[in-house]
Each structure stands twice: as structure tokens, then as C-alpha cells.
1. So I55 fits all but one of (1) within 20 Å of the chain's Cα centre (by Cα); (2) farther than 19 Å from L142 by Cβ; (3) surrounded by fewer than 18 Cβ atoms within 10 Å (Cβ to Cβ); what number is the exception?
2. Looking at A184, is it at pLDDT 95 or above, surrounded by 13 or more Cβ atoms within 10 Å (Cβ to Cβ) and in a helix (DSSP H, G or I)?
3. Being assigned to a helix (DSSP H, G or I), modelled with pLDDT of 95 or more and over 16 Å from the mean Cα position of the chain (by Cα), is that true of even one residue in the stretch 69-89?
4. Within the set of pairs 6 or more residues apart or between chains, which connect a residue that is farther than 17 Å from S69 by Cβ and in a helix (DSSP H, G or I) inside the stretch 129-147 to a residue that is modelled with pLDDT under 95 and among the polar types (S, T, N, Q) with Cβ atoms less than 8 Å apart?
5. Quick check on my filter: what residues within the stretch 134-162 are small (G, A, S) and within 25 Å of L74 (Cβ to Cβ)?
6. Of the residues Q98, Q9, only one is in contact with a Cys (Cβ under 9 Å, 6 or more places away or on another chain), in the same structural domain as R146 (by TED's automatic domain parsing) and part of a helix (DSSP H, G or I); which?
7. Tell me which of these E108 doesn't satisfy, since it passes every other one: (1) exposed (fewer than 13 other Cβ atoms within 10 Å of the Cβ); (2) more than 17 Å from the chain's Cα centre (by Cα).
8. Where residues in the stretch 29-52 are of a type in the set (D, E, K, R) and under 18 Å from M85 (Cα atoms), which of them is farthest from the chain's Cα centre (by Cα)?
Amino acid sequence: MADGILRRQIQLAAANLSEAIDGADGFQNTHQSQHCESAKFSIEQVVFILEKIHIMWESVLPRSIYRRSMFHVLGPVFSRITKDMLLIDDMAAEETLQLQGLIHLALENLSSLFLSLVENDDDEKFLDHHTWVQLDESIPSLKKFRKLAELLDMSLKSITAAWESGELANCGFTSSEMRNFIKAIFADSPLRKECLGWIVATPA
């Protein structure tokens, strides 16, 4: 495939993916059925577009170019979804579960695409720890996206400990993002104030 054609296909894919994510309206209010359905449809559209180009590109591109092209497309997708979710300024408990479910939906439905991007000598391919390490190194925003799913189900103390250990900064989270995330999920309390203070005092 000529460079110019591939470049245009990457641009078209990026535009289509951005439009699909726009349909989620920032993943706001997913505890309401209408918003939840819109967000789910958005993720399904993203998966559909990615699987379509996966099938098309893998069959015609040299492996190195295929991988590089897919990384180029995937990075902004996970970055954008993560950013939108982190911008939500108030999350009900049900919302955190819905958002976590949407992340898992994307990851599970993209498993065949992920496996096509890693070096694996085994006949039986599956997404094990080694596979995720390879993917995280190639697509840093995927690491952050996956970690967000965990954060949505973690206690305030666990989140703070993960920040203090450097684990969250290593995944790409900023101090500002974590402070906003904690304020969005946890009600005001002495413990929340204390944890926010720890995050401010422990810069990445």
C-alpha cells in the first residue's frame, strides 16, 4: 500500500473514531439509561471501526508497518476516552460501575486486534501478563486506560497509596487528574481532605 494512501486511511480512521467517541457525549451520566446506551453504542462503534481496519490492514501491510499504523491509530483513541472520563466532575456510584464496564467492553472486544500486535511464539495466543506488558510499552495510553478501570473500583486509601508509590504516575496520571478524580467520586470528608493533601505533597 502506497504511503500516501495509507496516510489518508489513517487520517480517515482517526476522524471516524473521533466522531464515534463524540457520540458518547463525554461519557457523562451513564447511570441514566439513555446516556448509558449512547456511551455503549459509542464504544461498540469504536470497536467496529478498529476491527475493520485491523482486518483490512493486516492482510495487505508488512507486519512492521501494520503494527506501527495500528499503534498510531490506537494511542489517541485510548487517550481520548480516558481524558473524557477523567473530566467528569461528579460520579454516582452506579456511574463508576458503568464506566468500568465500558472500559472492559472495549478491552474484551479488541482482544483479537491486541493479539495481532504482539510477538508471541506460542500457537495458543491469549492476553497474559507478558502480552499486556508488550502492549503497554507500545501504546502508553492503553496502560492508563486499563488502570482507570481499576481506579473506578478502588478505595480512597488504595488510590492514595497507589499515587504515593508512583504507580499511577507511571501509568500517565497527573496530580491534577487524581485530585479531580477523587473529588468526583468521593464525598467531602476529613479522609478525602487528608488524601488530597497527600497527593499534593507527593508530586509525580
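The values are calculated or read from the model by the stated rules, or taken from the named source; none is laboratory data. Everything numeric here is computed off the predicted structure, so don't read it as measured data. A quick note on method: Cβ atoms are made from the backbone with ideal geometry, for glycine too, and the neighbour counts reach across all protein chains shown.
1. Exception for I55: condition (1).
2. Considered against the rule, which asks whether it is at pLDDT 95 or above, surrounded by 13 or more Cβ atoms within 10 Å (Cβ to Cβ) and in a helix (DSSP H, G or I), A184 comes out as yes.
3. Scanning the stretch 69-89 turns up at least one residue that is assigned to a helix (DSSP H, G or I), modelled with pLDDT of 95 or more and over 16 Å from the mean Cα position of the chain (by Cα).
4. T131/N120
5. Correct list: S138, S141, A149, A162.
6. Q98
7. (2)
8. Within the stretch 29-52, the match that is farthest from the chain's Cα centre (by Cα) is E37.
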